[in-house]
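Undergrad: For reference, the structure I am asking about is given below.
Computed from the coordinates by the stated procedures, all read-outs in this text should not be read as laboratory data. Because the structure is a prediction, the values reported are computed rather than measured. Cβ placement follows ideal geometry from the backbone for every residue including glycine, while neighbour counts extend to all protein chains displayed.
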């Protein structure tokens, strides 16, 4: 298995480090051999204090806006929405601080290498300094939830250790323990918004309290000096770090003072150090690998041992290194396991790794594609419990979402828009933005899109208890759209409506964002209502409501094809301001949705749309295009998109057209996690297409993937699928049956009906 990232030099910048985590604590290990920096994060550390950001009684303004749109008065409507409907930006995910090691020996290091072991969730660094062989191992176990790093040397050495943070903080060292604590900013403005004071600390300490605790164990002599720990004559140093905040995830409020947070951190350290390093290390390796090894995709028998950056630089040029494709796939799974665990916050725009006060797009939850893509692979890749933090995020958003629905939309139910933060703010945002804020900030279809993940989880797990638990989240999202939809010319449509971050030209040539019934809105509502109807039937609930929704579904507008032969993005065949736009919003019904698969007359329009959008774009856009091409059976084009991501880039500047990855395979520029987490979904789509009706093997396999195997992939119905192929012909299939008793399977141009047997396992050797 190609499951190790191997590099021959330390990280030059934070983005080139090795990310490790357990969902609560994350660390970026840079691997420096003189002054090592390990950047630390904890999932609940955000700016803000839960300030309500809802425009009160703005539903009347919404009605005025609707009338203006219907009357074609686009010249004033967006400014009116900005001034009277949009709210302040959401808050930002913040870095906790940095752990530093200063190696005090002066000999020049040689034989350097660093390794990220994906199977076991361990970052390693090895080098020789004089006669000393030094090795570090860093990992984040789930039990206990701490960060652990061990520095080993075969001869005695001297090392200085300390903590620091870009947040305002205090530090106190006592013996072998260091505490770093403070109060986070009360507000941090987005990195793209220029203002005089982008970072604000409250004089009344309204921000979130935080604390990091470091405990050092060594066979050497420990000396505390000015808030730092000097370790003399040591062969072994073990550091344990815990982190706490005053945030209460259940209520979305600050529930503990800074002093209480410090005490909690102190308690956690006491519990952690009761474990021996060997016990923590063994348990972590077993726990992490047991999840990681549930699934495997193999495209080659050869496991490459060269440095990953060297392989990356020649991929697709001098080498058809299919091991890199495997590594890309496994890396995505590794990252989701590391940043999204039960009981922790959902994976944000950077997973949980951020070292900036003002991270790209605030490193919060962007809900017009990015958050959704983070979890596209979860079910199929056999990682259903990693999906749970998203469902908990939705559950927690309902309370604020109800306020937004009532005050701003005059609707029942709950709604989320373009962004969400740890405070569960769901209102439209962007009132401070001078130009085109509506195309970014107004997106009330987000909650519907996110709720489709609830149905997706059920399709793969068949867990009715889960469906029952989150039913109210699902139901109230549907209730909102039932109220929000308006009947115009015999069709139910959304108004106002946007297509995320895109613009069209109206009849007067004006650039506009707001319209009536965009394709993405109608697609998601139709898929949401249909999924809810099935959910209610399973749980035997809401018969009257289901009757109303059925009537609405029957008169929702269908997809339309424009004059250029492309799928229409808006309800009219408008001229696009950006024909090569990065978003593929109007194709959501093809992927991640499946309803266009049942409409063959639209497939050529989808192909034409993808061709017009081109092969360029940020990482997440290329991944989405890869998934879409795979759904259309175009394996070569799907693979080409992924190959374009396996291009070495050294840039942290925000770009919308070019993208690749750093030497550590994190997608750039700038780094955000969605591309990496979406890659496994794209690869699996090329190998297996499953719907509620049928499973098709190798639906979009590229020519270069001639031989291979899959183990542990989940398919709808709760089944687990293994299969192998030679020369693109399926040779063997094994199914571990879930709840459903029958599968319609297509492979090798044949269709088979498979029925569940008594032993629960079906093995088929193909002729």
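Undergrad: Going by how many other Cβ atoms sit within 10 Å of their own, how do 654, 134, 161 line up, fewest first?
TA: The most exposed by this proxy come first: 654, 134, 161.
Undergrad: Now for a different question. Working out 0.36 nm times the residue gap between residue 320 and residue 108, then minus their Cα-Cα distance, what length gain in nm do you get to one decimal?
TA: 72.6 nm
Undergrad: Under a plain spin-label model, where a point goes 7 Å from the Cα along Cα-to-Cβ, how far apart in nm are residue 580 and residue 739?
TA: Rounded to a tenth, the inter-label distance reads 4.7 nm.
Undergrad: Pop a pseudo-label 7 angstrom from the Cα along the beta-carbon direction at both residue 399 and residue 222 and give the gap in nm to one decimal.
TA: 4.0
Undergrad: Additional query: Need the C-alpha centroid separation for the range 231-297 versus the range 414-469, integer Å.
TA: Here the two parts' Cα centres lie 30 Å apart.
Undergrad: OK, next. Taking a label point 7 Å from the Cα of residue 724 along the Cα→Cβ vector, which residues of the range 732-766 have an amide N closer than 17 Å to it?
TA: From the range 732-766, the list is 732-736, 762-766.
Undergrad: Please say if the range 613-652 is rounded, prolate or oblate, where rounded means a/c under 1.5 for a ≥ b ≥ c the square roots of the C-alpha gyration tensor eigenvalues, and otherwise the choice is prolate for a/b larger than b/c and oblate otherwise?
TA: Taking the square roots of the gyration eigenvalues as a ≥ b ≥ c, the range 613-652 is prolate.
Undergrad: Any chance you could check the Cα centroid distance between the range 730-767 and the range 182-207 for me, in angstrom?
TA: Distance between centres, Cα-based: 57 Å.
Undergrad: Also: Give the calculated FRET efficiency between residue 64 and residue 488 to the nearest 0.05, with a Förster radius of 22 Å applied to their Cβ-Cβ distance.
TA: E between residue 64 and residue 488, to the nearest 0.05, is 0.85.
Undergrad: What angle do you read, to the nearest 10 degrees and between 0 and 90, between the alpha-carbon axis of helix 603-613 and the longest principal axis of the chain?
TA: For helix 603-613, the angle is close to 50 degrees.
Undergrad: Treating the angle as unsigned and between 0 and 90°, give the value, to the nearest 10°, between the Cα long axis of helix 322-339 and the longest Cα principal axis of the chain.
TA: 80
Undergrad: Here's a follow-up. When only Cα pairs under 8 Å and 6 or more residues apart are kept, what is the percent relative contact order across the chain?
TA: Dividing the mean separation by the residue count of the chain yields 13 percent.
Undergrad: Quick check on packing: order 139-146, 515-522, 296-303 by the mean number of other C-beta atoms within 10 Å, highest mean leading.
TA: Final packing ranking: 515-522, 139-146, 296-303.
Undergrad: Arranged by the count of other C-beta atoms within 10 angstrom, fewest first, what order do 538, 65, 171 take?
TA: 538, 171, 65
Undergrad: Okay, moving on. Suppose R0 equals 51 Å; then what is the FRET efficiency for residue 560 and residue 156 from their Cβ-Cβ distance, rounded to the nearest 0.05?
TA: Approximately 0.10, to the nearest 0.05.
Undergrad: With an 8 Å cut-off on Cα pairs and a minimum separation of 6 or more residues, tell me the relative contact order of the range 708-765 in percent.
TA: 27
Undergrad: Between helix 258-272 and the chain, what is the angle of the helix's C-alpha long axis to the longest principal axis, kept within 0 to 90° and rounded to the nearest 10?
TA: 70
Undergrad: Here's a follow-up. How large is the translational diffusion coefficient of the chain in µm² per second when you combine the Kirkwood radius over alpha carbon pairs with Stokes-Einstein at 10 °C and 1.306 mPa s?
TA: Calculated translational D: 59 µm²/s.
Undergrad: Calculate, for residue 693 and residue 763, the FRET efficiency according to 1/(1 + (r/R0)^6) with r their C-beta to C-beta distance and R0 30 Å; round to the nearest 0.05.
TA: 0.80
Undergrad: Give me the number: length gained by fully extending residue 289 to residue 71, i.e. 0.36 nm times residue separation minus the C-alpha to C-alpha distance, one decimal in nm.
TA: Residue separation times 0.36 nm, minus the Cα-Cα distance, leaves 72.5 nm.
Undergrad: If I model a spin label at residue 599 and residue 751 as a point 7 Å from the Cα along the Cα→Cβ vector, what separation in nanometres do I get?
TA: Between residue 599 and residue 751, the simple spin-label model gives 2.2 nm.
Undergrad: Still on this structure: Stretch residue 541-residue 12 to full length: gain in nm at 0.36 nm per residue minus the Cα-Cα span?
TA: Taking 0.36 nm per residue and subtracting the Cα distance, the gain is 184.7 nm.
Undergrad: What whole-number distance in Å separates the alpha-carbon centres of the range 44-104 and the range 554-589?
TA: The range 44-104 and the range 554-589 have Cα centres spaced 26 Å from each other.
Undergrad: Using Cβ contacts closer than 10 Å as the measure, can you line up 725, 14 from fewest to most?
TA: Fewest-to-most Cβ neighbours within 10 Å comes out as 14, 725.
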